[in-house]
1. Any idea which of (1) closer than 14 Å to F65 by Cα; (2) part of a helix (DSSP H, G or I); (3) open to solvent by less than 80 Å² (accessible area, probe 1.4 Å) is the one G42 doesn't satisfy?
2. Which pairs have Cβ atoms under 8 Å, sit 6 or more apart or on different chains, and link a residue in the stretch 37-57 that is more than 13 Å from A26 (Cα to Cα) to one that is charged (D, E, K, R)?
3. How many residues are more than 15 Å from R33 (Cα to Cα) and either of a type in the set (D, E) or in contact with a helix residue (DSSP H, G or I) (Cβ under 9 Å, 6 or more places away or on another chain) (or both) when one looks only at the stretch 46-57?
4. Output the number of residues of the stretch 41-59 satisfying the condition of being within 11 Å of the chain's Cα centre (by Cα) and modelled with pLDDT of 95 or more.
5. Sort out which residues of the stretch 17-37 are open to solvent by 40 Å² or more (accessible area, probe 1.4 Å) and not hydroxyl-bearing (S, T, Y), and write them in order of number.
Amino acid sequence: MDTRARIAWNLRNLRVSQKVTQENLAVDAQVDRTVISDMERGKHNASIDLMDRLAVALSIDISEFFAEPSLSEGKPEPMRAGRKPKA
């Protein structure tokens, strides 16, 4: 898995596991929602500054974006569409 794909995988996995929508993460990281979407699809080459803001917004260390996913993990599922996740 290349680095961009690894970051995309981990970003989605971390965001979904915390039940944070792309829109809310984008607001917290001060970027457009499409940047989050593009990153999760491996289509955006994020700067270190952006990755740092995302890490702060998710309350994680930036190194978690670079962690190798275990082979037993399935692909992170997207959250339901809409502004607020169901509890």
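The values are calculated or read from the model by the stated rules, or taken from the named source; none is laboratory data. Worth saying up front: this structure is predicted, and the values here are computed from it rather than measured. Here the Cβ positions follow ideal geometry from the backbone for every residue, glycine too, while neighbour counts run over all protein chains shown. Each accessible area value is taken on the protein alone, full model and side chains, heavy atoms only, with ligands, DNA and RNA left out. Shrake-Rupley method; radii C 1.70, N 1.55, O 1.52, S 1.80 Å.
1. If we test G42 against (1) closer than 14 Å to F65 by Cα; (2) part of a helix (DSSP H, G or I); (3) open to solvent by less than 80 Å² (accessible area, probe 1.4 Å), just (2) comes out false.
2. Between residues of the stretch 37-57 that are more than 13 Å from A26 (Cα to Cα) and residues that are charged (D, E, K, R), the close pairs are G42/R4; H44/D38; N45/R4.
3. Here the count works out to 5.
4. 5
5. If the condition is that a residue be open to solvent by 40 Å² or more (accessible area, probe 1.4 Å) and not hydroxyl-bearing (S, T, Y), then Q18, K19, E23, N24, V27, D28, Q30, D32, R33 are the ones that fit.
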